[in-house]
Amino acid sequence: MRANNFNKESDLWITIRSTTDYKHGDPSLLKMNRAHLFIEKPAMKVKIKDLTSKKILDVGCGSGEECTLLEKKGATDITGIDIAAKLIKEAQRCYPQHKFYTMNVKNMSFEDNTFDFVYSSLMMHYLKDWNNALKEINRVMKPGSTFLFSTLHPTRWSGERQGDTLLMGFQYPSKENKLKIFGDYLNKKAINDVGIRQINMTSYIRPLSDMFRELVKANFEVIDIYEPKATTETKIYDQGYHEINQRIPDFIIFEAKKK
Ligand SMILES: C[S@@+](CC[C@H](N)C(=O)[O-])C[C@H]1O[C@@H](n2cnc3c(N)ncnc32)[C@H](O)[C@@H]1O
C-alpha cells in the first residue's frame with residue numbers, strides 16, 4: 001500500500017514537521033511544512049473545543065506532533081494510530097505520556113463506543129474509499145461525540161496545471177476557438193502531485209457532495225464545514241502564498257457528530 005511511503009520516508013517527514021521557525025528555518029523544508037504551519041493547524045486549533053477529561057483518538061497521527069495542540073486544549077488522554085510503524089515509534093519516543101499503535105484506520109482494535117473525540121489531520125485523502133474507514137471511526141466513537149478532520153479541498157485540487165498556471169473553468173466555443181475545458185471538479189480522481197514529492201503518495205480528490213454523502217451514510221451528522229484562509233502571520237513568511245490562500249482554499253475541515 002502506498003501509505004507506507006510515509007514509513008519509508010519517515011526521517012524526512014519527521015524533519016519537515018519539526019521545521020517550524022519560519023524566520024530562520026531551512027527554506028526548502030519550510031516550504032514542505034508551510035500548509036501545516038500557516039493554514040491547516042491554526043484552523044484545526046480554532047475548531048477544537050475544550051478537551052478536558054475527554055478520551056481522544058488521533059487517526060493518522062504520524063509522528064505525534066499534534067499531541068501538543070491537543071494538550072493545549074486540555075487533553076491528557078490521547079491515543080494515536082497510524083499505518084506507518086516508524087512514525088508510531090517516533091511518537092512513542094516523543095510523547096511517552098500518550099498511547100500510540102500501528103494500525104490501519106479501516107480495522108482498529110478498539111472496543112465500540114470508546115472515544116469522546118476523534119481527530120484526524122490530513123489523512124482522509126489517502127483513502128480511495130471512505131466507507132470502511134468512516135464506519136470504523138463511527139464504531140469506536142461514543143454516541144453524540146465529535147469527529148473533526150481536515151482533508152484536501154476539492155476546488156483547489158481539481159484544477160488543470162499548464163506550466164506554472166492552475167486552471168479551472170472553460171472557454172466557450174466561437175468562430176475562432178473550439179470549446180476548451182480546464183480541470184474537473186465533479187469526478188473523483190487520483191492525483192500524485194500534492195505536497196511532498198519525495199513521499200510519493202496518491203491522493204484521492206472527491207467533490208464536496210461525495211464527502212457529505214459518505215459521512216451521512218456512515219451515521220454522522222455534519223455540524224460544520226470550514227474552509228480556512230491562511231493566517232495573517234503568513235504574510236511575513238510569503239506574501240504570495242498568503243494572497244493565494246485568501247481566495248483559493250487548500251483545505252476543508254469537517255466537524256461531524258456520531259448520531
Ligand atoms: C499527511 S500525514 C499527517 C500526519 C499528522 N496527522 C500530521 O498532520 O502531522 C498522513 C498520515 O496518514 C497516515 N495514513 C495514511 N493512510 C492510513 C491508514 N489507512 N490508516 C492509518 N493511517 C494512515 C500516513 O501514514 C501519515 O502518517
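Would you please name the residue that is nearest to the ligand (Cβ to nearest atom), looking only at residues in the stretch 5-30 that are of a type in the set (D, E, K, R), surrounded by fewer than 16 Cβ atoms within 10 Å (Cβ to Cβ) and within 20 Å of Arg93 (Cβ to Cβ)?
Out of the qualifying residues, it is Lys8.
Examine the stretch 14-31 for a residue that is more than 29 Å from Ile244 (Cβ to Cβ) and among the acidic types (Asp, Glu), and state whether such a residue exists.
No: zero hits.
Restricting attention to the stretch 211-245, which residues are in contact (Cβ under 8 Å) with a residue 40 or more places away in the chain and either in a strand (DSSP E or B) or of a type in the set (D, E, K, R) (or both)?
Those that are in contact (Cβ under 8 Å) with a residue 40 or more places away in the chain and either in a strand (DSSP E or B) or of a type in the set (D, E, K, R) (or both): Glu214, Lys217, Phe220, Ile223, Asp224, Tyr226, Glu227, Lys229, Glu233, Asp238.
Somewhere in the stretch 67-82, is a residue crowded, with 17+ Cβ neighbours inside 10 Å, more than 18 Å from the chain's Cα centre (by Cα) and within 10 Å of the ligand (Cβ to nearest atom)?
Looking through the stretch 67-82, none of the residues is crowded, with 17+ Cβ neighbours inside 10 Å, more than 18 Å from the chain's Cα centre (by Cα) and within 10 Å of the ligand (Cβ to nearest atom).
Restricting attention to the stretch 160-183, does a residue exist that is surrounded by 12 or more Cβ atoms within 10 Å (Cβ to Cβ), modelled with pLDDT of 95 or more and in contact with a Pro (Cβ under 7 Å, 6 or more places away or on another chain)?
No, because not a single residue in the stretch 160-183 is surrounded by 12 or more Cβ atoms within 10 Å (Cβ to Cβ), modelled with pLDDT of 95 or more and in contact with a Pro (Cβ under 7 Å, 6 or more places away or on another chain).
Which residues, taken from the stretch 100-144, are outside any helix (DSSP H, G or I), more than 9 Å from the ligand (Cβ to nearest atom) and crowded, with 20+ Cβ neighbours inside 10 Å?
Once the filter is applied, which keeps residues that are outside any helix (DSSP H, G or I), more than 9 Å from the ligand (Cβ to nearest atom) and crowded, with 20+ Cβ neighbours inside 10 Å, the stretch 100-144 yields Phe100, Phe115, Phe117, Val118, Trp130, Met141.
Part of a loop (DSSP other than H, G, I, E, B) and either surrounded by fewer than 22 Cβ atoms within 10 Å (Cβ to Cβ) or touching a Pro at 6+ places or on another chain (Cβ under 7 Å) (or both): is that true of Pro154 in this structure?
Here the answer is yes, as Pro154 does meet what is asked.
Quick one: Glu90 ticks every box in (1) part of a strand (DSSP E or B); (2) farther than 29 Å from Ala190 by Cα; (3) within 13 Å of the ligand (Cβ to nearest atom) bar one, so which box is it?
Just one mismatch for Glu90, condition (1).
Could you list, ordered by first residue, the pairs with Cβ atoms under 8 Å in which the first is in the stretch 190-204 and over 21 Å from Asp164 (Cα atoms) and the second is more than 13 Å from the ligand (Cβ to nearest atom) and acidic (Asp, Glu), at least 6 apart or interchain?
Cβ pairs passing all conditions: none.
Please enumerate the residues belonging to the stretch 127-155 that are more than 24 Å from Leu69 (Cα to Cα) and polar (S, T, N, Q).
Those that are more than 24 Å from Leu69 (Cα to Cα) and polar (S, T, N, Q): Asn131, Asn132, Thr155.
Being at negative phi and assigned to a helix (DSSP H, G or I) is true for just one of Ile39, Ile78, Ile56. Which residue is that?
Ile39
Considering Leu51, Leu70, which residue is closer than 21 Å to Glu255 by Cβ, in a loop (DSSP other than H, G, I, E, B) and in contact (Cβ under 8 Å) with a residue 40 or more places away in the chain?
Going through Leu51, Leu70 in turn, the sole match is Leu51.
Regarding the stretch 193-214, can at least one residue be identified that is surrounded by 15 or more Cβ atoms within 10 Å (Cβ to Cβ) and over 21 Å from the mean Cα position of the chain (by Cα)?
no
Mind listing whichever residues of the stretch 144-173 are without any contact (Cβ under 8 Å) to a residue 24 or more places away in the chain and within 19 Å of Val46 (Cβ to Cβ)?
The answer is none; no residue qualifies.
Applying the selection to the stretch 172-211, what residues are among the aromatic types (Phe, Trp, Tyr) and in contact with a strand residue (DSSP E or B) (Cβ under 6 Å, 6 or more places away or on another chain)?
Phe182, Tyr204
The values are calculated or read from the model by the stated rules, or taken from the named source; none is laboratory data. The shown structure was predicted, so the numbers you read here are calculated from the model rather than taken from an experiment. Reconstructed Cβ throughout: ideal geometry from the backbone, glycine too, with neighbour counts over all protein chains shown.
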